[in-house]
Every structure is written in structure tokens, then in C-alpha cells.
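Below is one structure, written out as C-alpha cells; comments come after it.
Every read-out reported here was derived from the displayed coordinates using simple, explicitly stated rules and does not represent laboratory data. Note that the structure is a prediction, hence the values are computed from the model and not measured. Glycine also receives a Cβ, built like all others from the backbone with ideal geometry; neighbour counts cover every protein chain displayed.
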Amino acid sequence: MVKKSQEYIVKIDTLNHQAQGIARIDGFVVFVDNVLIDEVVKIKIEEVKKEYAKAKLVEILEKSPYRKDPECPYYDFCGGCHLMHAKYQHQLKLKKLLVEDAFRRIGKLSPKINDVIGMENPFRYRNKTALPVGGDYVKPQIGFYRKMTHDIVPIDYCLIQHEFCDDVIKGMKELIKKHKIEVYDERKHQGVLRHIVVRNSFAFDEMMLILVCTKVPENLEVIKKDILDKFPKIKSFFVNLNPKRTNVILGEEDILIWGSSTIKDKIGNLTFEISPKSFFQVNSLQTEVLYSQVVKYLKDIDAEIVFDVYSGIGTISMFVAPFCKKVYAIEIVEDAVEDAKKSSKNNNISNIEFICGSAEIEIPRLMKSGIIPQAVILDPPRRGCEKELLESLIEHKIPNIIYVSCNPSTLARDSNILCSNGYEILEVQPVDMFPQTFHVECVALFKKREE
């Protein structure tokens, strides 16, 4: 029987969906961080559950040829990255394995899965970050949470964030000290400054700074002046009010303190306005690669009428619009629909109809009125598609479905539902939107089988 605090020597069989190594001790599963397949390692058991145990890596006895030293000094403590100990080309192979495993284990399917499309430079790619703030104004801590905790790992820089983020970390520490800004203590639910959110534009060299606070900080006018002096790239400065006892980062109210209410960024030749709560892919450069795959599938099936479901601020709709006769973009969040309309107008796109409503209602309504799509694009959140939506697509015999997913597990689950109800999955194209982490985006093409 596996015992807590006991050390063992094990061989790593494979990785799970969170890039943890899986080893077995007399058949009992043990999860280990920061290891690679086929490595022989010494581990120390930290936690024992009924079905599995978690262990800490003590020593690597037989090292994988794909292992490298992580470039980040915070890697062993911070919970932000999971695969920086693997060479980048090997990271891509591991992510393909994770996708294959999800389809085999959850979807009970074995579709054609292409090699993962990677980045030329797998660092400094993120256009958004949310930095928790801890400690106090004498010794403030800004960083990221330790894995599976809310303990902050203080950092001076982050290699997957835009360089602006490094400037903000250093500068905000100085301003918190100078202005004695009360730091929020989530255990006591006391203090003011909770998070610092930074949104950056790679295309326009602009930055949005959002201080997430329980209330408006004292001396805000003085703080504002120092912030503008320290960060000349700022185009937009907000205070977001979040007084609730919650793990949700942003509260409901955004107060514009200075500048524009939005910043601009590009995907391909399209320009988008981004507000504090806009959903916008965090990797602007690789998003063009992802959406180009959607366009490729649309061209392959010669789609003229397209429904874009979970359309958000309209990024996919606008990217595919030049290749279609008409796009119907369906989104339930009203603010996102309004942002999409503005961006569509700014980009001189006229063949999109933006609809605020739930897809389960809007798709039958559109089809009843005689609007029949050749394809439906799905881009749901991590939890995947609502069952009612999938049932509606199946009932209306949509001929082609292009599914964009940030979660291979829910993609595999939903694929099983579609393939059990008259569809076949032609191929899956993974795209590495999140280098150094276990996350991977996929585009999957489904076709209705002939009856």
C-alpha cells in the first residue's frame, strides 16, 4: 500500500490532461508534476486518496532527451506554466497525445488528428494578464498563485506575458508603497487593491490598466498622475469595483479614470475594440492561425450561409465573412453583441447579422424562416456546448459543423454526442495558443452522414 511521506522510485508511463506524469506503484496510480514520459524518478508521496496519490519529484534518475532547464526562475513554484521543462517541439507532440487521449478516453473515438501547429517564438505571447496582489503596502506582493492554492508567488517578470506586464509589476509595487494603498486580504475580506489586470495590444502598442478594488482608492487623482507618468503606453485606465467575497476577478462596475474606454488590437487585417470585460483570445498572433483553419474548412465545404454560435465580440464572424455570402452571429451577452456591431462597422463588413439570444431558440427560428446554413461554427467556453444546442443541431440536420474548442475533454464529449447521432468527424487540427502550458486549442470538422 502506498504511504504518505514514503519515497519510491518509479517510471513515468504517460501524462494526464494537466500534463502531470502518471506512474504506478503495484498498480496504484500516482500523479507527479514536472516529469516527462519514460523518465525514471524518485518521488515522495504527499497525498493519498482512495483511487490515486499525488507525489513530489525528488530526483531524476533517468532523464528524458526532451527535457530542458526551464527559462523561468519561478517555474517550480508558480502555477502558470506546466511544460517549460520540455523542449518546445516536444511540447507540441505531448499536446497531440493529450488530444488523442481525450478522444479515446472520453469520446470513445479515434479521428484523424493532425500535428499541433506551434509558434515561431513560444514566449511573450499573452495580451492579457490578471495579477493578484498580496502582502501589505510596506512589502507588497504581485505575482501568480502557487499551483492549486491562493498563495501568491511574487515575481519581477513573466516570460509568457507582454513586456509591458513586467513594467507594471515593478511600477505598481513602487506606487503601492508610495501611496500606502491598502492591499486586499482575502482571508479577512479586508483591504482595497485585489488584482491588477493588464491588457496589451501587439498591433498598436497600447495598454489598458485595470485596478480591481473593493472600493475607489483614496488619493486616486494623485495615484492616476503617477500611473500615467510611469506607464506612457497606457491608453485606458480603469478602476473595477469588486466588493464581494468571491474568487471571480472582475466585479460588475467599471469606472473609467482616464483615457479611452477601449484599446484596439488586430487579428489579421481586422481591427477590434477591446473593453475591460471583452473576451478576446489571449494570443493575438496565433489566433490568426486558428481562424485561418476555420476559413480553410469553410472553403472545403463551399459554405455560403453560416451560423456563428457563441460569437462573442464577433472575431470569428468577421474573419470568415469575406469567404461567405452571409453570416448570422448568435451571442447571448448583449454587451458583446454591441461591441461586435461596432467592430463590424469599423471594419466595413456588411454581410453579418448580429443576433442577441440563445442558439437553441435562434437556430430553429432562423431555419423556420427559410434561412438554411451550410455550416455552423461553434466556439463555446471551456465547459463545452449546452446539450440542448447539440440536440437542436442534430434535429435540424445541419450539414457541416466546425467546432473551435479550448478544452479537448469537452470537445471529445460533445464529439461523442454528435457522432452517435448521424455525424462523422473528418479531422481535428490542434493549434498551440498557450505555449509552456498544458492548454491546447482545436478546430474539428464534422459532416452529417448521408442517410
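Before moving on, here are some points about what is shown:
- Structure-based [θ]222 nm, the chain - -39500 (n - 2.57) summed over DSSP H runs of at least 4, per residue, nearest 500: -7500 deg cm²/dmol
- Computed from backbone phi, the HN-Hα couplings of the stretch 41-54 come to 9, 9, 10, 10, 5, 9, 8, 10, 10, 5, 9, 7, 10, 10 Hz, rounded to whole numbers (Karplus: 6.51 cos²θ - 1.76 cosθ + 1.60, θ = phi - 60°; Gly and Pro given as x).
- Selected from Ile402, Gln429, Leu211, residue furthest toward positive end of dipole (the chain; charges at beta carbon): Leu211
- Net lengthening on full extension, Asn247/Ala130 (0.36 nm per residue, minus Cα-Cα): 40.9 nm
- Sequence-distant residues sharing a close amide H with Met119 (under 5 Å, placed H): none
- Ranked packing of 9-15, 272-278, 405-411, 309-315, most packed first, by mean Cβ within 10 Å: 309-315, 405-411, 272-278, 9-15
- Dipole moment magnitude, nearest 20 debye, the chain about Cα centre, only Lys, Arg, Asp, Glu C-beta charged: 820 debye
- Net charge of Cβ neighbours under 12 Å - reference Ser350; Lys, Arg +1; Asp, Glu -1: +3
- Summing charges over all other residues whose Cβ lies under 14 Å from the Cβ of Asn219, with Lys and Arg as +1 and Asp and Glu as -1, gives +2.
- Whole-Hz Karplus values for the stretch 27-34 come out as x, 8, 6, 10, 9, 9, 7, 6 Hz, taken residue by residue from phi with 6.51 cos²θ - 1.76 cosθ + 1.60 and θ = phi - 60°; glycine and proline positions read x.
- With the convex hull constructed from alpha-carbon coordinates only, the chain shows a mean projected area of 23.0 nm² over all directions.
- From phi via Karplus (6.51, -1.76, 1.60), per-residue ³J(HN,Hα) for the stretch 106-113 in Hz, x at Gly/Pro: 9, x, 6, 9, 9, x, 5, 10
- Cut-off 9 Å between beta-carbons: net charge of the residues surrounding Gln286, Lys and Arg +1, Asp and Glu -1: -3
- Residues with amide H under 5 Å from that of Ile255, placed H, sequence gap 5 or more: Val239, Asn240, Leu241
- The chain, relative contact order [Cα under 8 Å, separation at least 6], %: 13 percent
- Overall form of the stretch 226-293 per C-alpha gyration tensor (a/c, 1.5; a/b vs b/c): oblate
- Cβ crowding within 10 Å ranks His179, His150 as His150, His179, fewest other Cβ atoms first.
- Put a plus charge on the Cβ of each Lys and Arg, a minus charge on the Cβ of each Asp and Glu, and nothing anywhere else: the dipole of the stretch 7-67 about its Cα centre is then about 80 debye.
- Taking amide H as placed 1.01 Å from N in the peptide plane, the amide H of Met433 sits under 5 Å from that of Glu441, each at least 5 places away or on another chain.
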